[in-house]
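The values are calculated or read from the model by the stated rules, or taken from the named source; none is laboratory data. Computed from a predicted model, the values in this text were never measured in an experiment. Here the Cβ positions follow ideal geometry from the backbone for every residue, glycine too, while neighbour counts run over all protein chains shown.
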Amino acid sequence: MKNILVVLLLITGLVFSQEKKVNLSSPYHTIFTHLHFLQPDSYDADKASKVIYGKDGEEAKTIAIKIKQVLDGKGLRVAVQNLPKNPNYKDTISSYEAKNSYVLFPNQFPEISLEKIQNKWYYSQETTQEINQLYRQVFPVGTEFIKSIVPSVGHKKIGAIELWQCLGVLIFIGLGAFLFWMIHKIIFFVLKKIEHVFIKFTHDSLTQVLLKVSRPIALLIVFCWVEVYVPILQFNITINSFLIKGLEIAQIVLWIFIFLEVISVVTQVYVSYTAKTESKLDDQLAPILRRLLKVIVVLVGVLKMLTIFGVNTTTVIAGASIGGLAVALASQDTVKNLIGTFMIFLDKPFQIGDWIEGGGVVGTVEEVGFRSTRIRAIDTSIFTIPNSKLSEIVINNKGLRQYRRYQTKLGIRYDTPPELIEAFVMGVRKIIEIHPETLTRSYNVEFTGFGDSALEILVNTYFLSLEWGVEQSSKHRLHIAIIKLAKDLGVDFAFPSQTVMIEQFPKNEGIDMEYNTDAQKIAKVMNSIENNFLK
């Protein structure tokens, strides 16, 4: 048993001793060597500097230390267990040509990478050349000076945070509150000036909406400022990672909120503008665009948030595309309806409120949605038609007519004298001319034929209003005026009948209708048509 323990201790010691040696055989060993020898309990800058190619002495040490400081300042914790241990590892993602290189954080910080040189892995020459610039990007000017002027008492720790860092946090909170107040005032003032541009399209006040937008914009600017200057406090990697990820998540959430509010403002202005246009289909387009744009904003925000946690969005998008293709194949009808919706909005075969006929459906278009269109029938029932079918069928759009045509035949008795027939036709023509809802330049009133039971007078005219209800009201006024004219002239309307000729029977005389064809009476009736019509 003792021998086994001795062997295990020797193996453990051997492994431990090997881990502490400089090993540059793979990306894993190079990064482990670099980070391990810069930890407080195993600090050895000479060994850590071996990961820098072409540099030696203090210059190599400075570069190695700055690389670690940059990673710590950005809050980027290296997942050592996921690093490739293959000495011949090739990067097939970051470049068109596969080569022996490895990027530590391709999404968050692609500037730091490794490359294989003479069978060993070092930090790339691009990284070593740009490290000073990267360091200045991460750490604001004066970072080293601030730390150097802190007295020894300021370096006393409360947990993992030093006293001077606690004071720095309070200063950041105070400056952030002041900046938020000042920036909010400035942004609201600018947005109020911009509001006058929107007032041209809408008369609604946008003050409340502008307040809702100006606050998150000001807070977003403050968070960006904090993210830039928080490395000046030089927290350890754990605190920096927590702070920076929290700030980045907050910024993405604010961006999503701001874009959603901007979409609401733009669609509100769009609705106000479209309300002034003749087309009603663009009114229906506003809620569809609002929903679509909001979905896009949220999806983009979620994808951006995934990059904070190191998720490769390219892989996510590729997976979503494959999944979307599978869903599309499984739900072809839904995709067809969506395409049909876009075709309806592009071609505009009808507008909201139009009276249409097609596919056995007759009614008024009430709503055009993503999937289907709702049509209100005459009996107030609702037809829901998939947009894919509606975009394919032949549609007779009554709403696109310039006028509503009305045609009927008036049947008068066969024994009506020609004088009264002519007077009746002239009277109907005059009624159409003075009717406020008829097209006076195009109409027909003629004695057109001999029916089975009546003399037929054709009435063909056009109503100006395209609304069904107004048309019925116009018909009513026209019919009443014609009936009054017939009564005043003494013209009787015929109905299906049979006449038995009995006037040749013995001691029987024919029955003759009495018609007043006096010219003065006819003229009097014709002159009174306008007065009777306007009553």
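Applying the criterion of being over 11 Å from residue 134 (Cα atoms) and aliphatic (A, V, I, L, M) to the residues of the range 64-74, the residue that is surrounded by the most Cβ atoms within 10 Å (Cβ to Cβ) is 64.
Considering the range 151-182 alone, what residues qualify as being assigned to a loop (DSSP other than H, G, I, E, B) and out of contact with any Asp or Glu (no Cβ under 8 Å at 6 or more places or on another chain)?
The first filter runs over the range 151-182 and keeps only residues assigned to a loop (DSSP other than H, G, I, E, B), leaving 151, 156, 159-160.
151, 159, 160 - these are the residues of the range 151-182 that are assigned to a loop (DSSP other than H, G, I, E, B) and out of contact with any Asp or Glu (no Cβ under 8 Å at 6 or more places or on another chain).
In the range 35-49, the count of residues that are polar (S, T, N, Q), at pLDDT 85 or above and either under 23 Å from residue 89 (Cα atoms) or not assigned by TED's automatic domain parsing to the domain that holds residue 69 (or both) is one or more. Does the range 57-74 contain at least one residue that is of a type outside the set (Asp, Glu), outside the structural domain of residue 239 (by TED's automatic domain parsing) and part of a loop (DSSP other than H, G, I, E, B)? Yes, the range 57-74 has at least one match.
One line per residue, one yes/no per condition, for (1) modelled with pLDDT of 75 or more; (2) surrounded by 17 or more Cβ atoms within 10 Å (Cβ to Cβ); (3) touching a Cys at 6+ places or on another chain (Cβ under 8 Å):
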position	(1), (2), (3)
204	no, no, no
214	yes, yes, no
239	yes, yes, no
270	no, yes, no
279	no, no, no
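Select from the range 82-102 the residues that are in a strand (DSSP E or B) and modelled with pLDDT of 85 or more and list them in ascending order. Within the range 82-102, 101, 102 meet the criteria.
May I ask you to verify whether residue 142 is exposed (fewer than 15 other Cβ atoms within 10 Å of the Cβ), within 46 Å of the chain's Cα centre (by Cα) and farther than 19 Å from residue 221 by Cβ? Here the answer is yes, as residue 142 does meet what is asked.
For residues that are assigned to a loop (DSSP other than H, G, I, E, B) and in contact with a Gly (Cβ under 8 Å, 6 or more places away or on another chain), scanning just the range 451-477, find the one that is surrounded by the most Cβ atoms within 10 Å (Cβ to Cβ). Here the answer is 454.
Kindly provide the set of residues from the range 386-402 that are closer than 30 Å to residue 462 by Cβ and under 26 Å from the mean Cα position of the chain (by Cα), ordered by number. Talk me through it step by step, then tell me what you get.
Filtering the range 386-402 down to residues closer than 30 Å to residue 462 by Cβ leaves 390, 393-402.
Hit for the range 386-402 is 390, nothing else.
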